[in-house]
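K.L.:
Right, I'll just put the structure down here and ask away after.
The values are calculated or read from the model by the stated rules, or taken from the named source; none is laboratory data. Computed from a prediction, not measured in an experiment: that's the story for all the values here. Here the Cβ positions follow ideal geometry from the backbone for every residue, glycine too, while neighbour counts run over all protein chains shown. Each accessible area value is taken on the protein alone, full model and side chains, heavy atoms only, with ligands, DNA and RNA left out. Shrake-Rupley method; radii C 1.70, N 1.55, O 1.52, S 1.80 Å.
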Amino acid sequence: GRLGRCRMVATAEAEAAAQQGLVASRLRRAIVRGEQVFNLLQGRKRDDTMYCNLPGSPEDRELDKGFCSISRYNPAALEPQTASDLFLVIVRSFQIFGIAVYFVTKWLTHDVFGDRGLDGSEQVKERARELRESLTWLGPTFVKVGQVLANRPDILRADYMEEFTKLQDKVPPFPSDVAFEMMREGLGRPVDEVFSKITPEPIAAASLGQVFRATLRESGEEVAVKVQRPDAADTIRRDLYILRLVSKQLNNVAVQRLGTDAVSLMDEFAENLLTELDYNQEARNIKDFQRNFEGDPDVKIPRVYPLLTSKRVLVMEWIDGVRCTDLPGLARLGIPIHQFIRVGVQSGMRQLLEFGLFHGDPHPGNVFALGDGRIAYVDFGSVAEISQMNKEALLDAVVHAMDEDYEEIARDLGRLGFLAEGTDSKPIAGALASMWKDAMGQSISDFNFRTVTAQFSKLVYSYPVRVPERFALVIRTLLTQEGICMTLDSNFKLLQVAYPYVARRLLRDPMYSSRLPQVLLKGVPHSSKPVFNFRRSFSLIALAATVAGNGPKGFIEFGGTVWDAVSLSFRQPKLAMQLVRGMLRWFRTKMFLAG
């Protein structure tokens, strides 16, 4: 099998556990293969074979990453299969390349032989606006391309990134009679047998599908019915085929500029986009989010109906709330803005640092406020996972950033995949120091993620830094979340809301508190073992005090952080003793140097 041909890269200590995981993974794959054979006998279309047999669970997918490289989709399935398919590809190519030639000509005229297109100039802004409108006209694939590029400072300059954040994929709906026929096919029975009532026209339409509101006949529950556009999969497949051909021609440039080949970037993008077309996968995503947030009194994940869901039809609970940026609506519900912001930021932090599974497109149309103050998410087509190793490296990077330890931040970037193996991180550490100071403003409490991203975009043009696809989605998620919060409160400071949660995770969660020795101990020349880093600990305490603010509320919040630190020593005495030994080694080192 595919796994049998992969080269084992696990350490000797992990081999036994890995073998158990592989057995479980093979069993799951055997079941999936059986389902695929059944689908084939039932006459399913070829696009059901677009995806390879990756395991279903996050643990097994992480296990796969450690042993071999398997693409989640099959690029060969993108190729045209008939003469008519080839003709449509050629026609589509003329559309795409016509627009490309137009913009390359303008770039040569203005940027190369003209004014060189200084950042922020009116000509550059106008060209960025034209390009955004052209991407919208080209359809869903290119809307998604623009949305991805809006968070790729290693590929796109800042003024174009800013314009691409405005990309929307709202389009006119396709005919309702076609949608109802697709519902009938997906449900396997007449629509009126399932729904006692359904809106005759969609209440929302986007480039991939449209949504109807309905009432279940059996239970009377209000549901949302999402139906995929009939031509979406074929159009996207043709676009991806053309873009993949182009990416092969750009491989050398991408390797020199980004440290990775263009085909790999294209396949990462294609994998994510094709996954959004599978509504069965979206239903599984919803189930995963429900398990993660089970028992959380502040977050609502809608119920999904797997028995009514198919590849192109999704039925889920109707969310009756107001858009998260609707200030009059929030006021009408009596929801305190600051409380709602805190709930939103903390739910985002939980997704990123606790679950490792996060919503990849939390724009205002996908995030709602409910009457009881809870936050509700919808549209789980775009989600992403990060491994436990990456979660820990992210937390380390946050601590190092707060401590302004730029050499460690540069090493964190390497661990997270932003730097190719063997890259000298020392020059990058110096550039990070300059970037961080420019982005911080007068105080660390003024931290603004969009400003940091803008500064980072300058860094990647001068050093061999690339943004891995999963972290491009992280950047997009954090930028979107910060934008929503700043719409609700112009004085919003991300750090003030996020840092207390990060501190609690570090001090309360055994998975993260076990990393405190790596955070608070450091190696020094005159000690064979690491010593306690007092400067970093005082820096983190000062930051906690700054973020908490003044007054009784700030005092209580800061006191809670201090209590978490004290109680940790009782909950994990071995860890506390490890830190105490580090302090003693620090004193011995100082006495040795003084003597």
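K.L.:
Looking at 342, 350 in this structure, which one is open to solvent by 20 Å² or more (accessible area, probe 1.4 Å), in contact with a helix residue (DSSP H, G or I) (Cβ under 7 Å, 6 or more places away or on another chain), closer than 28 Å to residue 471 by Cα and part of a helix (DSSP H, G or I)?
P.N.:
Just a single option satisfies the conditions, and that option is 342.
K.L.:
Let me spell it out: the conditions are (1) more than 29 Å from residue 145 (Cα to Cα); (2) in contact with a strand residue (DSSP E or B) (Cβ under 8 Å, 6 or more places away or on another chain); (3) open to solvent by 50 Å² or more (accessible area, probe 1.4 Å), and residue 292 meets all of them except one. Which number is the exception?
P.N.:
(3)
K.L.:
I've got another one for you. Among all residue pairs at least 6 apart or on different chains, which show Cβ distances below 7 Å where the first residue, located in the stretch 459-482, is in a helix (DSSP H, G or I) and the second is open to solvent by 30 Å² or more (accessible area, probe 1.4 Å) and of a type in the set (A, V, I, L, M)?
P.N.:
Close Cβ pairs satisfying both conditions: 472/148.
K.L.:
List the number of the failed condition for residue 65; all other conditions in (1) open to solvent by 60 Å² or more (accessible area, probe 1.4 Å); (2) charged (D, E, K, R); (3) at pLDDT 50 or above hold.
P.N.:
Looking at each condition in turn, residue 65 falls short on (3).
K.L.:
Also, quick follow-up: Can you find even one residue in the stretch 258-279 that is free of Cβ contacts under 8 Å to residues at least 60 places away in the same chain, surrounded by fewer than 18 Cβ atoms within 10 Å (Cβ to Cβ) and more than 25 Å from residue 91 (Cα to Cα)?
P.N.:
yes
K.L.:
Okay, next question. Within the stretch 77-112, count every residue that is more than 30 Å from residue 157 (Cβ to Cβ), of a type in the set (Val, Ile, Thr) and part of a helix (DSSP H, G or I).
P.N.:
Going through the stretch 77-112 one residue at a time, the tally reaches 3.
K.L.:
Quick check on residue 145: is it touching a strand residue (DSSP E or B) at 6+ places or on another chain (Cβ under 8 Å) and surrounded by 17 or more Cβ atoms within 10 Å (Cβ to Cβ)?
P.N.:
no
K.L.:
Also, I was wondering about something else. Conditions first: (1) in contact with a strand residue (DSSP E or B) (Cβ under 9 Å, 6 or more places away or on another chain); (2) open to solvent by 30 Å² or more (accessible area, probe 1.4 Å); (3) not in a loop (DSSP other than H, G, I, E, B). Residue 177 passes all but one, so which condition is the exception?
P.N.:
So residue 177 meets the others, but not (1).
K.L.:
If I ask for residues that are closer than 16 Å to residue 460 by Cβ, under 24 Å from the mean Cα position of the chain (by Cα) and modelled with pLDDT of 80 or more, which ones from the stretch 406-425 would you list?
P.N.:
409, 410, 412, 413, 414, 416, 417, 418, 419
K.L.:
Looking at the stretch 232-239, can you tell me whether even one residue there is surrounded by 18 or more Cβ atoms within 10 Å (Cβ to Cβ), at pLDDT 90 or above and not in a helix (DSSP H, G or I)?
P.N.:
No: the stretch 232-239 contains no residue that is surrounded by 18 or more Cβ atoms within 10 Å (Cβ to Cβ), at pLDDT 90 or above and not in a helix (DSSP H, G or I).
K.L.:
Then there's this: If only one of 205, 214 is surrounded by 20 or more Cβ atoms within 10 Å (Cβ to Cβ) and not in a helix (DSSP H, G or I), which one is it?
P.N.:
Just a single option satisfies the conditions, and that option is 214.
K.L.:
For the stretch 181-202, how many residues meet the condition of being among the acidic types (Asp, Glu) and either open to solvent by less than 40 Å² (accessible area, probe 1.4 Å) or touching a helix residue (DSSP H, G or I) at 6+ places or on another chain (Cβ under 6 Å) (or both)?
P.N.:
Count: 1.
Yes/no matrix, rows are residues, columns are (1) of a type in the set (D, E, K, R); (2) open to solvent by 40 Å² or more (accessible area, probe 1.4 Å); (3) over 15 Å from the mean Cα position of the chain (by Cα):
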site: 321; (1), (2), (3): no, no, yes
site: 328; (1), (2), (3): no, yes, yes
site: 355; (1), (2), (3): no, yes, no
site: 363; (1), (2), (3): no, yes, no
site: 369; (1), (2), (3): no, no, yes
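K.L.:
Out of 109, 49, report the one residue that is open to solvent by 40 Å² or more (accessible area, probe 1.4 Å), closer than 29 Å to residue 356 by Cβ and at pLDDT below 85.
P.N.:
Just a single option satisfies the conditions, and that option is 49.
K.L.:
Checking residue 512 against (1) within 33 Å of the chain's Cα centre (by Cα); (2) crowded, with 19+ Cβ neighbours inside 10 Å; (3) at pLDDT 80 or above, only one condition comes out false. Which one?
P.N.:
Of (1) within 33 Å of the chain's Cα centre (by Cα); (2) crowded, with 19+ Cβ neighbours inside 10 Å; (3) at pLDDT 80 or above, only one is false for residue 512: (3).
K.L.:
If you scan the stretch 374-417, which residues turn out to be out of contact with any His (no Cβ under 9 Å at 6 or more places or on another chain), in a loop (DSSP other than H, G, I, E, B) and open to solvent by less than 20 Å² (accessible area, probe 1.4 Å)?
P.N.:
Answer for the stretch 374-417, where residues must be out of contact with any His (no Cβ under 9 Å at 6 or more places or on another chain), in a loop (DSSP other than H, G, I, E, B) and open to solvent by less than 20 Å² (accessible area, probe 1.4 Å): 381, 386, 387, 403, 416.
K.L.:
In the stretch 378-409, which residues are more than 20 Å from residue 523 (Cα to Cα) and small (Gly, Ala, Ser)?
P.N.:
381, 382, 384, 387
K.L.:
Please work out which one of (1) touching a helix residue (DSSP H, G or I) at 6+ places or on another chain (Cβ under 9 Å); (2) under 26 Å from residue 348 (Cβ atoms); (3) open to solvent by 60 Å² or more (accessible area, probe 1.4 Å) is the condition residue 484 fails and give its number.
P.N.:
(3)
For (1) more than 28 Å from residue 486 (Cα to Cα); (2) modelled with pLDDT of 95 or more; (3) polar (S, T, N, Q), each residue gets a yes or a no:
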site: 287; (1), (2), (3): yes, yes, no
site: 301; (1), (2), (3): no, yes, no
site: 308; (1), (2), (3): yes, yes, no
site: 311; (1), (2), (3): yes, no, no
site: 315; (1), (2), (3): yes, yes, no
site: 332; (1), (2), (3): no, no, no
site: 338; (1), (2), (3): no, no, no
site: 342; (1), (2), (3): no, no, no
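K.L.:
Can you pull out the residues in the stretch 442-454 that are closer than 18 Å to residue 413 by Cα, at pLDDT below 75 and not hydrophobic (A, V, I, L, M, F, W, C)?
P.N.:
Scanning the stretch 442-454 gives no hits.
K.L.:
Can you tell me which of (1) open to solvent by 40 Å² or more (accessible area, probe 1.4 Å); (2) under 22 Å from the mean Cα position of the chain (by Cα); (3) at pLDDT 80 or above is the one residue 491 doesn't meet?
P.N.:
Of everything listed in (1) open to solvent by 40 Å² or more (accessible area, probe 1.4 Å); (2) under 22 Å from the mean Cα position of the chain (by Cα); (3) at pLDDT 80 or above, residue 491 misses just condition (2).
K.L.:
On to the next question. Pick from the stretch 560-571 the residues that are more than 33 Å from the chain's Cα centre (by Cα) and open to solvent by less than 70 Å² (accessible area, probe 1.4 Å): which of them is nearest to residue 537 (Cα to Cα)?
P.N.:
566
K.L.:
Here is a follow-up. Looking only at the stretch 80-99, which residues are open to solvent by less than 50 Å² (accessible area, probe 1.4 Å), closer than 18 Å to residue 140 by Cα and touching a residue at least 60 places away in the same chain (Cβ under 8 Å)?
P.N.:
The answer is 89, 92, 93, 96.
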